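Trainee: Pasting a structure here, questions to come.
The values are calculated or read from the model by the stated rules, or taken from the named source; none is laboratory data. What you see is a predicted model, and the numbers here were worked out from it, not measured in a lab. FYI the Cβ positions are ideal-geometry reconstructions off the backbone, even for glycines, and counts take in every protein chain you see. Surface areas here come from the heavy atoms of the whole protein model, side chains and all, with no ligands, DNA or RNA. Shrake-Rupley method; radii C 1.70, N 1.55, O 1.52, S 1.80 Å.
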Amino acid sequence: MSNTVEIEKRRTFAIISHPDAGKTTLTEKLLLFGGAIQTAGAVKNNKIKKTATSDFMEIEKQRGISVATSVMAFEYLGKQINILDTPGHKDFAEDTYRTLTAVDSVILIIDCASGVEAQTERLMEVCRMRNTPVIIFINKMDREGRDSFDLLDELEDMLKIKVRPLSWPIGIGHTFQGVYNMYNKELNLFAANKTKISDEVVKIDNLDDPQLNDIIGDDPTAELKEELELVDGVYDAFDKEAYLKGEVAPVFFGSAINNFGVKELLESFLDFSPSPIGRETSEGFIEPEAKDFSGFIFKIHANLDPKHRDRIAFLRIVSGKFERNTFYNHVRLEKKLKFSNPTSFMAQDKSIIDEAFPGDVIGLYDTGNFKIGDSLTEGTVFSFKGIPSFSPEIFMELENRDPMKSKQLEKGIQQLTDEGVAQLFIQQPGNRKIVGTVGQLQFEVIKYRLEHEYGAKAEFVPKRFHKACWMTTDNQAQLDKFIKAKAIYIAKDKDDNYVFLAETPFLLQMAQTDYPDITFHFTSDFKVV
Ligand code: G4P
């Protein structure tokens, strides 16, 4: 039987933002709509609090909580919505980038006062790499913020995507009265209230309707009309196809904390966001409707209890139907595995499932079989592309401080880097281990876990590398020459690819000039087997 109905009803997406823009708040409100949680505050613990940046134990505790909230599934208006959580802390950015490979679209939140921030730009870059459809929610309209046209200009300039407002704010901060929804031709009236579920909506098809003046006043009406005219003049009409290709981002305004604009965001999202999309593989593009099951691992979560070293591997189902206790090909290991207790995540409850469909994310208990990027298939053997590693920003050499525990250290660092906590580069001679991360915090995490889970003692010695570059070329002789000449800056990543560890931007530029046939990349595409 075809899975079309199951595929059609699913929406798998992530909410992304610079920390503090309102991701946790919006997620919580969406869950309230879906009836997945009953009270506000239930999702609050799900983020690493700013005050705890250096408090490792606190982070561990919160990491534990985030297992349960890694995927939040609920039903609304007949659709099954899977929200994939992404860590708010910038030091875990790479985890977020990987999660973005498992979604079909995103909602990007912008704080109306701060506009585009550093993390917003990077996240958007990752979305652009994969042409992920993006909806933008401009949040905190109940506070004084920036002029809406200026914000939209900034979005286009800095995020390099065209935008199209589908709702428009009436006032801002203390003058904020609500939004006019151009898509549904409705006026949504704002009332600050953190607990209500829906907004007061008045149908206004025609802006000359005198009701508008009666409700919001003459001056705001005149201003709204003028601004909407300008919007229509400046921005092309909303084109769903362009949105689905990641070329234009529809924009909504609201206030997550007041649950304002959230319902219309959710309903518009359900109206035009994509149902599960297929993925590129070593055997070509696989559509979700393909008969045989396939999926890939995009995240691995370690058990918090050091006595039980089992982990949860998160699998995104791409095609077919996943079934419990059925043998599938573990492509990299070239062996067949079956799973007796695959887990789904409905809001905050975990439960064992018998089957799952494209778009779903399930947890597989793992005792060390999985690495990030692994593929599982039924029938034909192939691998998914596109779980890239990004060049780390901080590099340290791992030094063993207890020679009696070398084996434990070796195993520990291999497993932790399989989980994606950090990247490992091995330099010869001497098997030297360079660990690269996007944030300082991971070094603390690794040191702590090596000691507590593996009984190994290690220290990190800073290395002054600027970038790790993966290399491709059509001129093998030139690459061989480069690898020989720069031997002390060459390492291998976990997939045995050569990586150039450039010490400074200048040295990288020199290499590019001296070896013109080599292309230096700051990301590695997942190696196709
Ligand atoms: P994050 O997950 O993106 O980091 O952001 P989060 O939802 O935690 O929101 C960050 C802060 O912004 C929170 O305040 C939250 O209450 C506030 N906030 C979210 N949406 C709105 C909004 O629409 N209007 C206003 N005025 N504030 C909003 P906090 O003081 O940091 O935390 P809390 O004490 O409220 O928990």
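Trainee: Please report, ordered by residue number, the helices (runs of 4 or more DSSP H) entirely within the stretch 398-495 with at least 3 residues that are of a type in the set (Phe, Trp, Tyr) and in the same structural domain as residue 312 (by TED's automatic domain parsing).
Mentor: On the way: elements: 406-418, 441-454, 476-485.
Those helices (runs of 4 or more DSSP H) do not exist here; none qualify.
Trainee: I'd like the full set of residues that are in contact with a Leu (Cβ under 8 Å, 6 or more places away or on another chain) and either away from the ligand (no atom under 16 Å from the Cβ) or among the β-branched types (Val, Ile, Thr) (or both), limited to the stretch 244-265.
Mentor: Across the stretch 244-265, the qualifying residues are 249, 250, 251, 262.
Trainee: Filter the stretch 227-243 down to residues that are in a helix (DSSP H, G or I) and either more than 17 Å from residue 168 (Cα to Cα) or among the aromatic types (Phe, Trp, Tyr) (or both) and give me whichever is nearest to the ligand (Cβ to nearest atom). Working first, answer last.
Mentor: Start the filter on the stretch 227-243 by keeping residues that are in a helix (DSSP H, G or I), which leaves 227-234, 240-243.
Next, only the ones that are either more than 17 Å from residue 168 (Cα to Cα) or among the aromatic types (Phe, Trp, Tyr) (or both) stay: 240-243.
On the way: 240: 27, 241: 30, 242: 27, 243: 23 Å.
Per the criteria, the residue is 243.
Trainee: Enumerate the helices (runs of 4 or more DSSP H) found wholly within the stretch 103-217, keeping only those where 1 or more residues are small (Gly, Ala, Ser) and over 18 Å from residue 250 (Cα atoms). Step through it out loud before you land on a result.
Mentor: Values: elements: 118-129, 148-159, 210-216.
In the stretch 103-217, 118-129 are the helices (runs of 4 or more DSSP H) which contain 1 or more residues that are small (Gly, Ala, Ser) and over 18 Å from residue 250 (Cα atoms).
Trainee: Restricting the search to the stretch 144-171, which residues are under 22 Å from residue 225 (Cβ atoms), under 30 Å from the mean Cα position of the chain (by Cα) and open to solvent by less than 40 Å² (accessible area, probe 1.4 Å)? Talk me through it step by step, then tell me what you get.
Mentor: Let us first name the residues in the stretch 144-171 that are under 22 Å from residue 225 (Cβ atoms), namely 145-153, 163-171.
Still in the list and also under 30 Å from the mean Cα position of the chain (by Cα): 145-153, 163-169.
Passing the criteria: 145, 148, 149, 151, 152, 163, 164, 165, 166, 167, 168, 169.
Trainee: Okay, next question. Is the stretch 227-246 home to any residue that is buried (at least 20 other Cβ atoms within 10 Å of the Cβ) and under 28 Å from the mean Cα position of the chain (by Cα)?
Mentor: Step one: filter the stretch 227-246 for residues buried (at least 20 other Cβ atoms within 10 Å of the Cβ), giving 243.
Retained after the next criterion (residues that are under 28 Å from the mean Cα position of the chain (by Cα)): 243.
Yes.
Trainee: Of everything in the stretch 391-420 that's more than 25 Å from residue 126 (Cβ to Cβ) and charged (D, E, K, R), which residue is most open to solvent (accessible area, probe 1.4 Å)? Spell out how you get there, then give the answer.
Mentor: Applying the first criterion (more than 25 Å from residue 126 (Cβ to Cβ)) to the stretch 391-420 yields 397-415.
Pick out the ones that are also charged (D, E, K, R) and you get 397, 399, 401-402, 405, 407, 410-411.
Working: 397: 23, 399: 65, 401: 128, 402: 40, 405: 66, 407: 171, 410: 70, 411: 103 Å².
Only one residue tops the list, namely 407.
Trainee: Return the pairs, sorted by first residue and then second, in which the second residue is small (Gly, Ala, Ser), the first residue lies in the stretch 110-124 and is within 11 Å of the ligand (Cβ to nearest atom), the beta carbons are less than 6 Å apart, and the residues are 6+ apart or on different chains.
Mentor: So the pair list comes out as 111/21; 112/145; 113/145.
Trainee: While we're looking at this one, here's another question. If you go through the stretch 255-265, how many residues are in contact with a helix residue (DSSP H, G or I) (Cβ under 6 Å, 6 or more places away or on another chain) and crowded, with 21+ Cβ neighbours inside 10 Å? Working first, answer last.
Mentor: In the first step, residues of the stretch 255-265 are kept if they are in contact with a helix residue (DSSP H, G or I) (Cβ under 6 Å, 6 or more places away or on another chain); the result is 256-257, 259, 262.
Those left that are additionally crowded, with 21+ Cβ neighbours inside 10 Å: 256, 259, 262.
Number of matching residues: 3.
Trainee: Within the stretch 274-303, how many residues turn out to be crowded, with 24+ Cβ neighbours inside 10 Å and among the polar types (S, T, N, Q)?
Mentor: 1
Trainee: Now for a different question. Could we say that residue 136 is farther than 17 Å from residue 223 by Cα, more than 12 Å from the ligand (Cβ to nearest atom) and touching a strand residue (DSSP E or B) at 6+ places or on another chain (Cβ under 9 Å) here? Lay out the reasoning, then the answer.
Mentor: Working: farther than 17 Å from residue 223 by Cα: yes; more than 12 Å from the ligand (Cβ to nearest atom): yes; touching a strand residue (DSSP E or B) at 6+ places or on another chain (Cβ under 9 Å): yes.
Answer is yes for this residue.
Trainee: OK, next. Given the conditions (1) in contact with a Cys (Cβ under 6 Å, 6 or more places away or on another chain); (2) open to solvent by 70 Å² or more (accessible area, probe 1.4 Å), and given that residue 520 satisfies all but one, which numbered condition is not satisfied?
Mentor: Among (1) in contact with a Cys (Cβ under 6 Å, 6 or more places away or on another chain); (2) open to solvent by 70 Å² or more (accessible area, probe 1.4 Å), residue 520 violates only (2).
Trainee: Being in contact (Cβ under 8 Å) with a residue 24 or more places away in the chain and charged (D, E, K, R) is the filter here, so list the residues in the stretch 426-480 that pass it.
Mentor: Result: 432, 433, 444, 449, 453, 457, 459, 463, 464, 467, 474.
Trainee: Going through the stretch 1-16 one residue at a time, which ones are open to solvent by 10 Å² or more (accessible area, probe 1.4 Å) and near the ligand (Cβ under 9 Å from one of its atoms)? Step through it out loud before you land on a result.
Mentor: Within the stretch 1-16, the first condition is being open to solvent by 10 Å² or more (accessible area, probe 1.4 Å), and the residues that meet it are 1-6, 8-11.
Answer for the stretch 1-16, where residues must be open to solvent by 10 Å² or more (accessible area, probe 1.4 Å) and near the ligand (Cβ under 9 Å from one of its atoms): there is none.
Trainee: Since residue 359 meets every condition but one in (1) of a type outside the set (S, T, N, Q); (2) at pLDDT 95 or above; (3) not in a loop (DSSP other than H, G, I, E, B), which condition does it not meet?
Mentor: Failed condition: (3).
Trainee: Just the residues that are polar (S, T, N, Q) and open to solvent by 10 Å² or more (accessible area, probe 1.4 Å), please, taken from the stretch 315-342. Spell out how you get there, then give the answer.
Mentor: Within the stretch 315-342, the subset polar (S, T, N, Q) is 319, 325-326, 329, 340-341.
325, 326, 329, 340, 341 - these are the residues of the stretch 315-342 that are polar (S, T, N, Q) and open to solvent by 10 Å² or more (accessible area, probe 1.4 Å).
Trainee: Test of understanding: among 442, 423, which residue is surrounded by 22 or more Cβ atoms within 10 Å (Cβ to Cβ) and closer than 30 Å to residue 284 by Cα?
Mentor: Working: 442 fails: closer than 30 Å to residue 284 by Cα.
None of the others qualify; the one that does is 423.
Trainee: While we're looking at this one, here's another question. State whether the residues of the stretch 138-155 include one that is modelled with pLDDT of 95 or more and within 13 Å of residue 16 (Cβ to Cβ).
Mentor: Among the residues of the stretch 138-155, at least one is modelled with pLDDT of 95 or more and within 13 Å of residue 16 (Cβ to Cβ), which makes the answer yes.
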